[in-house]
Amino acid sequence: MDYKAPLETYTGKIKEVVIGRGPKAIKIGGESILPLHYFEGAAARRPVVALEIDDSGAAGWTEWAVEPYQDVVSDPLKWAGKCLELGADLVCLHLESTDPQGANRPAAEAAALVRRLVKEIDAPLIVYGCGDDKKDVEVLVAVAEACRGENLLLGPAVKENYTDIARAVAENGHCIIAQTPIDINLEKELNVKLLKQLPPERIVIDPLSSALGYGMEYSFTIMERTRQVGVVYGDMAMQMPIIADLGRECWKTNQARADREQGMLWESITAMNLLLAGADILVLRHPDNCRLLKEAIEGKL
Amino acid sequence: MAIKGTDIVKRLPEGGKKNCKECGLPTCFAFAMKLASGGSAIEKCPYISPEVRSGLEDALAPPIRPVTIGTGANALVVGDETVLYRHEKTFVHQPGIAVLIADDESVEAVEGKIRKLKELKFGWVGQTLRADLLALQNKSGDPAKFTAIVNKVLPEVDCPLMLISQDTDALLAAHALCAGRKPLLYPVTAQNLEKVISAVKAKAAVLAVKGAGVESLVHLTKRLKEAGLEDILLDPGSRDLQSAVRDQTLIRRAALKQGFRALGYPTIAFPCFMTSDRRRETLLASMFIPKYAAVIVLSDIDEHSLLPLLVQRLNTYTDPRIPMSMEEKIYPINNPDAGSPVLITANWALTYFIVASEVEASKVPAWLCVKEAGGLGVLTAWAAGKFSGDSIAPFIRKCGIEGMVNHRRLVIPGKVARIRNELAEALPDWQIIVGPGDANEIPAYLPALVKSWKG
Ligand code: SF4
């Protein structure tokens, strides 16, 4: 028996999602190959790396993750600029201070901040609410309206609150992050529901990213299956790009807090795994890891 | 691509119609079914011709050969994997992590690495994690130096060994020093293949073949198999991340989806030869864990780089269908005493990790009682009736916590605030306190709680 390379081609194709507008817009998705399988076909766009900022001055961040931004964390505008300088493809803002359990900043203030940011910075913007189902509706709707036409990637929309957020996203020309708790069935269910309000080109899947040692393998497997179902089996409800918002999860582990180099590896290894599983957007905290993961994506590692 | 019983029966004596029962089974068909499921051995039928037998043995062998490196209690078994993705079925044999020592390194460096290999051990979810093999490289080009380091290391370590030399004579001479320990030899190439075959006896070594590309490995493994040397590992020679993903994928697919025997062996990966930067090296190693490598060779190990890789390895090789669960017991955190708060949670390992890690971060000494709840998280366990007041009460009574603390205050997860009354009724002498709904609030919550008690 002679060797014949077992190359595979698939009919399913991930939807192309555009974030941002004008010359600074970027496109993610578009591939009909498995993650990093560039030997089996080209991808319209390779995965991208975002660096995370927040509106609470990096409160609670591990010191090694704050270091690169030491002088700018109090000013989200400068901080976002620094992220881009340090190599990020785009910026991911977490509206931490809107949390009712914390500073409980009003929605209007958060919206004003996002509006300033999106006008100033030279890259597309991802915006995450604080994760409180009810407050997120208020905040994300206000942000969507204040930034009409800017094509932000906004979320998380979850099964408890997606309707109003999806409506604001649709009416104001943005994209949505569909978030489910590490469960492929719930993930598909939410996608199907969102598809009634938005075209697939405006949806990005967030199956939740757990850190290494804290359930990363579950996130890995959900992402891997999602991508297979979308590309190999052509399930239209699962053909959206995937976002892995993993930096925050990694840096809050005891292992990352205990030792700088261990923290760097905790984040980069989690990112490497979720990249291999199918993530199209990696959200990290440390710029050195951003550089490393970009090397991996660009075939330079 | 496992062969079916119905295909086997056609190859049995008289087309499977002899039915003489000498194999101990009522019919040839029954015997064929047993063979297919691995429940019987071909030898049991005395009438199978040698040709049919070797054909059947081939068809019945696992698609990726299990290979044992080393001997005795520390021997490492790799291979015998049956799937490409862990959601299909569990990956079974965790890749061995090898530490590389070159014969031109200083005595201190060599001793430092040996010490780390022996001493770096980590406790994780009740398991002990550590590196597995020692790789010795004849980097100096001097065969005498290589022999010297092999001789030095042999009595010092009892883990499986790997020997690396571009000089085949030096490689074989080093092998002769430790053939009884079944070391892994590298590289076996088109150039030294015959020399290796004439010098190495079956079961005295595992041979790691090196090619330039996947296809180039095929004639090497075919020739080795012909010579009776089947303990083989494959190195397709790719030395960057994306080529490695490609080659590892092609080899695994060829073995599993095409049933291509010549590539049905475990693979070996060399992050140590792919970069001189340790962080990049660790990251490459982390790619090889889900991407099928069976042995991963690192230039060095440190606590901070080895721990994440070993945790990743453990996680990647768990059964994705069974939730990890913790043993039901009381876990002391931050050295608690009789006055420390008592918390309770369910026994999903992820729940435990997060809660334990946040309690630790709070710096408050506390007792964390983990209740058996079918390996589920708090809310799902409650929904399944495994984390109700009725079931928590007897656990609190019998787990021993009542003898360990001088108070009766129990903090329950905020997510199951609804069980408070039920639990208070079942444990009338305990004060039931509803804790935070999210574990990340614990570091703020616990110190405040303890402070309020002190009044
Ligand atoms: S011993 Fe062989 S020939 Fe006889 S019944 Fe068993 S399989 Fe058939």
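What are the residues in region A:66-104 that are within 22 Å of B:Ile442 (Cα to Cα) and of a type outside the set (Ser, Thr, Tyr), if any?
If the condition is that a residue be within 22 Å of B:Ile442 (Cα to Cα) and of a type outside the set (Ser, Thr, Tyr), then A:His94, A:Leu95, A:Glu96, A:Asp99, A:Pro100, A:Gln101, A:Gly102, A:Ala103, A:Asn104 are the ones that fit.
If you check A:Ala88, A:Ala112, which single one turns out to be modelled with pLDDT of 95 or more and assigned to a helix (DSSP H, G or I)?
A:Ala112
Tally the residues that are surrounded by fewer than 18 Cβ atoms within 10 Å (Cβ to Cβ), at pLDDT 95 or above and on the phi < 0 side of the Ramachandran plot, restricting the search to region B:201-217.
Summing the residues that are surrounded by fewer than 18 Cβ atoms within 10 Å (Cβ to Cβ), at pLDDT 95 or above and on the phi < 0 side of the Ramachandran plot in region B:201-217 gives 3.
Give the number of residues within region B:371-385 that are out of contact with any Lys or Arg (no Cβ under 7 Å at 6 or more places or on another chain) and surrounded by fewer than 19 Cβ atoms within 10 Å (Cβ to Cβ).
Number of matching residues: 5.
Given the structure, is A:Met264 within 18 Å of A:Leu292 (Cα to Cα), more than 15 Å from the chain's Cα centre (by Cα) and within 9 Å of another protein chain (Cβ to nearest Cβ)?
Against the criterion (within 18 Å of A:Leu292 (Cα to Cα), more than 15 Å from the chain's Cα centre (by Cα) and within 9 Å of another protein chain (Cβ to nearest Cβ)), A:Met264 qualifies.
Which residues, counting only those in region B:213-263, are within 14 Å of chain A (Cβ to nearest Cβ), under 29 Å from B:Leu172 (Cβ atoms), among the hydrophobic types (A, V, I, L, M, F, W, C) and assigned to a loop (DSSP other than H, G, I, E, B)?
Selection gives B:Val214 alone.
Which numbered condition trips up B:Leu76, out of (1) within 16 Å of the ligand (Cβ to nearest atom); (2) more than 14 Å from chain A (Cβ to nearest Cβ)?
Status for B:Leu76: all satisfied but (1).
When you scan region B:30-48, how many residues do you find that are modelled with pLDDT of 90 or more, more than 9 Å from the ligand (Cβ to nearest atom) and either on the phi > 0 side of the Ramachandran plot or not in a helix (DSSP H, G or I) (or both)?
Selection size over region B:30-48: 0.
Would you pick out the residues in region B:65-91 that are in contact with a strand residue (DSSP E or B) (Cβ under 9 Å, 6 or more places away or on another chain) and assigned to a loop (DSSP other than H, G, I, E, B)?
Of everything in region B:65-91, those that are in contact with a strand residue (DSSP E or B) (Cβ under 9 Å, 6 or more places away or on another chain) and assigned to a loop (DSSP other than H, G, I, E, B) turn out to be B:Arg65, B:Pro66, B:Gly70, B:Ala75, B:Gly79, B:Asp80, B:Glu81.
Condition test on B:Ala361, is it more than 14 Å from chain A (Cβ to nearest Cβ) and touching a residue at least 60 places away in the same chain (Cβ under 8 Å)?
The answer is no for B:Ala361.
For A:Ser219, all conditions in the list (1) at pLDDT 95 or above; (2) closer than 25 Å to B:Phe353 by Cα; (3) buried (at least 24 other Cβ atoms within 10 Å of the Cβ); (4) out of contact with any Gly (no Cβ under 7 Å at 6 or more places or on another chain) hold save one; what is the number of the exception?
(1)
Quick test of your reading of the structure: B:Ile69 fulfils all but one of (1) buried (at least 20 other Cβ atoms within 10 Å of the Cβ); (2) more than 11 Å from the ligand (Cβ to nearest atom); (3) more than 30 Å from B:Thr267 (Cα to Cα). Name the failing condition by number.
Among (1) buried (at least 20 other Cβ atoms within 10 Å of the Cβ); (2) more than 11 Å from the ligand (Cβ to nearest atom); (3) more than 30 Å from B:Thr267 (Cα to Cα), the lone unmet condition for B:Ile69 is (3).
Condition (residue is polar (S, T, N, Q), assigned to a loop (DSSP other than H, G, I, E, B) and more than 10 Å from the ligand (Cβ to nearest atom)) applied to region B:49-63: is it met by at least one residue?
Among the residues of region B:49-63, at least one is polar (S, T, N, Q), assigned to a loop (DSSP other than H, G, I, E, B) and more than 10 Å from the ligand (Cβ to nearest atom), which makes the answer yes.
If we only count helices (runs of 4 or more DSSP H) wholly inside region B:345-455, which ones have 2 or more residues that are under 30 Å from A:Pro100 (Cβ atoms) and under 39 Å from the mean Cα position of the chain (by Cα)?
Ranges flagged: B:349-362, B:378-383, B:389-398, B:442-454.
For B:Ser198, state whether it is of a type outside the set (A, V, I, L, M), at pLDDT 95 or above and closer than 15 Å to B:Leu263 by Cα.
Considered against the rule, which asks whether it is of a type outside the set (A, V, I, L, M), at pLDDT 95 or above and closer than 15 Å to B:Leu263 by Cα, B:Ser198 comes out as no.
Restrict the check to region B:10-22 and report whether at least one residue is surrounded by 17 or more Cβ atoms within 10 Å (Cβ to Cβ), farther than 30 Å from B:Lys182 by Cα, more than 9 Å from the ligand (Cβ to nearest atom) and away from chain A (no Cβ under 14 Å).
Yes; the residues of region B:10-22 include at least one that is surrounded by 17 or more Cβ atoms within 10 Å (Cβ to Cβ), farther than 30 Å from B:Lys182 by Cα, more than 9 Å from the ligand (Cβ to nearest atom) and away from chain A (no Cβ under 14 Å).
Against the definition (within 29 Å of A:Leu292 (Cα to Cα) and crowded, with 18+ Cβ neighbours inside 10 Å), how does A:Leu90 come out, yes or no?
When the stated conditions are applied, A:Leu90 passes them.
Out of B:Thr27, B:Thr6, which single residue is β-branched (Val, Ile, Thr), within 8 Å of the ligand (Cβ to nearest atom) and more than 14 Å from chain A (Cβ to nearest Cβ)?
Among B:Thr27, B:Thr6, only B:Thr27 is β-branched (Val, Ile, Thr), within 8 Å of the ligand (Cβ to nearest atom) and more than 14 Å from chain A (Cβ to nearest Cβ).
If a residue must be assigned to a loop (DSSP other than H, G, I, E, B), among the β-branched types (Val, Ile, Thr) and crowded, with 23+ Cβ neighbours inside 10 Å, how many such residues does region B:272-298 contain?
Summing the residues that are assigned to a loop (DSSP other than H, G, I, E, B), among the β-branched types (Val, Ile, Thr) and crowded, with 23+ Cβ neighbours inside 10 Å in region B:272-298 gives 1.
Among the residues of region B:82-93, is any within 10 Å of the ligand (Cβ to nearest atom), surrounded by fewer than 15 Cβ atoms within 10 Å (Cβ to Cβ) and not β-branched (Val, Ile, Thr)?
Checked region B:82-93: no residue is within 10 Å of the ligand (Cβ to nearest atom), surrounded by fewer than 15 Cβ atoms within 10 Å (Cβ to Cβ) and not β-branched (Val, Ile, Thr).
Considering every residue within region B:328-340, establish whether at least one is in a helix (DSSP H, G or I), modelled with pLDDT of 90 or more and hydrophobic (A, V, I, L, M, F, W, C).
Checked against the condition, which is being in a helix (DSSP H, G or I), modelled with pLDDT of 90 or more and hydrophobic (A, V, I, L, M, F, W, C), region B:328-340 yields no hits at all.
Picking from A:Ala25, A:Ala59, which residue would you name as being farther than 20 Å from B:Tyr85 by Cα, surrounded by fewer than 21 Cβ atoms within 10 Å (Cβ to Cβ), more than 15 Å from the chain's Cα centre (by Cα) and modelled with pLDDT under 95?
None of the others qualify; the one that does is A:Ala59.
Out of all the residues in region A:171-208, which are over 23 Å from A:Gly149 (Cα atoms), polar (S, T, N, Q) and over 17 Å from the mean Cα position of the chain (by Cα)?
Selection gives A:Asn185 alone.
Checking the conditions here, which among B:Ala293, B:Ala346, B:Ala338 is among the small types (Gly, Ala, Ser) and either in contact with a Phe, Trp or Tyr (Cβ under 8 Å, 6 or more places away or on another chain) or facing chain A (nearest Cβ under 7 Å) (or both)?
Checking each option against the conditions leaves just B:Ala346.
Mind listing just one residue for me: the one in region A:211-238 that is aromatic (Phe, Trp, Tyr) and within 10 Å of chain B (Cβ to nearest Cβ) and, of those, nearest to the chain's Cα centre (by Cα)?
Ranking the qualifying residues of region A:211-238, first place goes to A:Phe220.
Can you say whether B:Arg279 is without any contact (Cβ under 8 Å) to a residue 40 or more places away in the chain, over 22 Å from A:Glu267 (Cα atoms), at the interface with chain A (Cβ under 8 Å from one of its Cβ atoms) and over 16 Å from the mean Cα position of the chain (by Cα), as far as the supplied structure shows?
Considered against the rule, which asks whether it is without any contact (Cβ under 8 Å) to a residue 40 or more places away in the chain, over 22 Å from A:Glu267 (Cα atoms), at the interface with chain A (Cβ under 8 Å from one of its Cβ atoms) and over 16 Å from the mean Cα position of the chain (by Cα), B:Arg279 comes out as no.
Suppose we filter A:Asp245, A:Asp259 for residues that are at the interface with chain B (Cβ under 10 Å from one of its Cβ atoms) and among the acidic types (Asp, Glu); which single one remains?
A:Asp259
Could we say that B:Ala190 is surrounded by 23 or more Cβ atoms within 10 Å (Cβ to Cβ) and either hydrophobic (A, V, I, L, M, F, W, C) or not in a helix (DSSP H, G or I) (or both) here?
no
The values are calculated or read from the model by the stated rules, or taken from the named source; none is laboratory data. Since we're looking at a predicted model, the values are computed, not measured. Don't worry about glycine lacking a Cβ; one is built from the backbone with ideal geometry, like all the others, and counts go over all protein chains shown.
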